[in-house]
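K.L.:
This is the structure I want to talk about, given as structure tokens.
What follows is calculated from the coordinates using simple rules that are stated; it is not laboratory data. Bear in mind that the values here come from a model prediction, so they are computed numbers and not experimental data. Using ideal geometry, Cβ is built from the backbone for each residue, glycine included, and neighbour counts are taken over all protein chains shown.
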Amino acid sequence: MASSDLMVGLEIGTSKICVVVGEGRPDGTIKILGVGQAPSRGVRKGEIVDFETAMKCVHEAVVDAETKSDVMIRSVYVGVAGSHIQSFNNRGCVMVPDDREEIDEQDIEDVKINAREVSIPAPNAFLHSIIQHYHVDGQDGVLNPVGMLGEKLEADFHVIHGVRTRIQNTIRCVKELPLEVEDVVFTALAAAQVVLTQQQKNLGALVIDIGGGTTDYILYVDGAVKQSGVLGVGGDHITNDISMGLRIPMTRAEKLKIEEGSVTLGNCLPGDTVLLKDDSGFAGKEIERETLNTIIHLRLRETFELLKRQLEEEPFINYIGEGIFITGGCSHLSGIDHLAEEIFELPARVAHAQTMSGLTSAFENPQFSAAIGLIKYAQAVQVDRRPRGRIGSLIGRIFHGMRS
Ligand SMILES: Nc1ncnc2c1ncn2[C@@H]1O[C@H](COP(=O)(O)OP(=O)(O)O)[C@@H](O)[C@H]1O
Ligand SMILES: [Mg+2]
């Protein structure tokens with residue numbers, strides 16, 4: 001790539017592979033130069049199950065992005081999802097050495113390492129340790145302790161981890177092309193970078209990214225990530241329910257869902273039907289609209305209830321003043337925001353990437369939130385790397401098992 005301000009986000013989704021090429025502007029905004037896409041094959045529930053096939057699809061999407069943006073892609077930020085991804089909050093603690101009074105960068109690194117001194121399942125690797133808050137000698141709410149006087153530094157982190165080999169497989173799939181992997185990023189964390197403003201993170205918000213095979217989520221309170229994870233349920237399950245329930249082929253069910261489906265019940269008049277024309281090997285069928293919507297409604301209700309139960313294991317859901325932001329392909333379903341409001345008893349809205357320039361059609365599509373968010377994440381990492389070099393690439397860690 002010609003300029004170091006060019007950044008590329010790659011999301012290997014269950015439904016589509018998406019490659020976004022963006023350019024960081026000095027004022028901190030991002031211009032989208034092009035978006036490449038390819039249907040995803042060889043990926044199930046966010047995880048690669050057929051390496052060769054997935055690789056071909058990624059290649060196709062990369063070539064498409066290169067053509068559209070007129071940029072040669074050499075390195076990418078890759079999004080990872082999959083229900084193997086888990087998270088927890090933990091506090092790290094270090095004592096500042098006696099011969100020094102001021103807290104320095106090394107203490108920050110050490111406290112992060114200390115927060116990871118907890119056992120995660122043996123096959124897992126750390127993906128992110130996201131700082132929540134620092135405490136210096138018991139003083140809460142410290143934003144940047146470097147340079148402060150203190151004896152004891154404590155820090156709360158949100159730690160995200162996943163099965164090492166599954167993360168490695170995603171990385172290998174990209175490296176074989178060959179492309180450099182700059183970093184791997186949990187998709188909901190990426191999406192939140194562009195779906196939410198800092199103000200919304202401060203006031204508390206939940207982002208739900210409902211894709212094809214997974215529902216990825218991340219919850220912010222007081223500007224800090226408090227909960228995150230993945231449910232292995234998404235829009236493909238709705239399509240499957242429609243196919244089974246109405247006894248129609250999957251491709252027909254997918255088209256019916258996208259073109260005619262809604263989450264809202266009780267809006268159709270009796271006898272309101274959709275006519276499916278006959279096709280090779282399919283006799284055609286008349287579908288009750290209310291039946292179609294009921295199938296969609298029930299699956300989404302179940303998904304939201306499952307997520308609610310998971311979130312309620314901790315108290316943070318009670319502190320999200322800005323409510324819920326739904327993104328990803330399924331957020332196109334009309335009425336999904338109202339259903340979320342009913343179940344979570346919180347304000348909910350459909351959201352896409354904000355504050356971008358360039359290709360407007362791309363960032364207005366909620367299916368691209370995670371891929372666009374990867375660029376925003378990349379921009380933040382690059383800014384952080386320049387003066388202090390504090391955020392090391394994850395790639396070395398994942399492959400060599402280092403704990404930095
Ligand atoms: N207009 C639409 N209405 C309803 N569902 C849609 C629409 N567009 C896409 N979807 C659904 O969204 C899902 C794909 O979302 P996406 O975020 O692209 O997934 P992934 O990131 O897993 O590839 C599919 O289940 C698809 O059927
Ligand atoms: Mg996705």
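K.L.:
Quick one: of 175/255; 45/175; 31/201; 68/201; 175/257, which pairs are farther than 30 Å apart, Cα to Cα? Don't skip to the end; give the middle numbers.
P.N.:
Numbers: 175/255 34 Å; 45/175 21 Å; 31/201 23 Å; 68/201 33 Å; 175/257 36 Å.
Over 30 Å apart, Cα to Cα: 175/255; 68/201; 175/257.
K.L.:
What does DSSP give for the range 197-350 in terms of the percent of beta bridges that are antiparallel, rounded to the nearest 5?
P.N.:
Within the range 197-350, antiparallel bridges account for around 70 percent of the total.
K.L.:
Hey, another quick one. Beyond 14 Å, what share of the Cα-Cα pairs of the range 86-160 is found? Please give it as a whole percent.
P.N.:
57
K.L.:
Could you give the dipole magnitude of the range 197-350 about its Cα centre, charging the beta-carbon of Lys and Arg +1 and that of Asp and Glu -1, in debye to the nearest 20?
P.N.:
Values: 14 positive and 24 negative charges, 47 e Å.
I would put it at about 220 debye.
K.L.:
I've got another one for you. What whole-number volume per residue, in cubic angstrom, does the convex hull of the C-alpha atoms of the range 197-350 give?
P.N.:
Taking the convex hull of the Cα positions in the range 197-350, it is 98 Å³ per residue.
K.L.:
Using alpha-carbon positions, what is the distance between the centroids of the range 180-242 and the range 342-364, in Å?
P.N.:
12
K.L.:
Sort the following peptides by mean Cβ neighbour count (other Cβ atoms within 10 Å, averaged over residues), highest first: 121-128, 184-191.
P.N.:
184-191, 121-128
K.L.:
Separate question: Just name one of 204, 141, 293: the one whose Cα is farthest towards the positive end of the charge dipole of the chain (beta-carbon charges, Lys/Arg +1, Asp/Glu -1).
P.N.:
Towards the positive end, the residue furthest out is 293.
K.L.:
Counting DSSP beta bridges with both partners in the chain, what percentage is antiparallel, nearest 5? Intermediate values should be presented prior to the final figure.
P.N.:
Working: 60 of 80 bridges.
The antiparallel fraction comes to roughly 75 percent.
K.L.:
Then there's this: Work from the charge dipole of the range 86-160 (Cβ charges, +1 for Lys and Arg, -1 for Asp and Glu, about the Cα centre) and give the residue of 114, 155, 90 farthest towards its positive end.
P.N.:
Towards the positive end, the residue furthest out is 90.
K.L.:
If each Cα of the range 209-262 is one equal point scatterer, what is log10 of I(q)/I(0) from the Debye formula at q = 0.12, 0.18, 0.29, 0.30 Å⁻¹?
P.N.:
For the range 209-262 at q = 0.12, 0.18, 0.29, 0.30 Å⁻¹, log10 I(q)/I(0) is -0.38, -0.63, -1.05, -1.08.
K.L.:
Could you give me the ³J(HN,Hα) list for the range 124-129, computed from phi with Karplus coefficients 6.51, -1.76, 1.60 and θ = phi - 60°, whole Hz, x at Gly and Pro?
P.N.:
The phi angles translate into 8, 10, 6, 9, 9, 10 Hz.
K.L.:
Using Cα springs under 10 Å in a Gaussian network model of the chain, which residue among 266, 212, 229 shows the largest mean-square fluctuation?
P.N.:
266
K.L.:
What does the charge dipole of the chain about its Cα centre add up to, to the nearest 20 debye, if the Cβ of each Lys and Arg holds +1 and the Cβ of each Asp and Glu holds -1?
P.N.:
The dipole magnitude comes to about 1040 debye.
K.L.:
Normalise the Cα radius of gyration of the chain by 2.2 N^0.38 Å (N = residues in it) and let me know the number.
P.N.:
1.03
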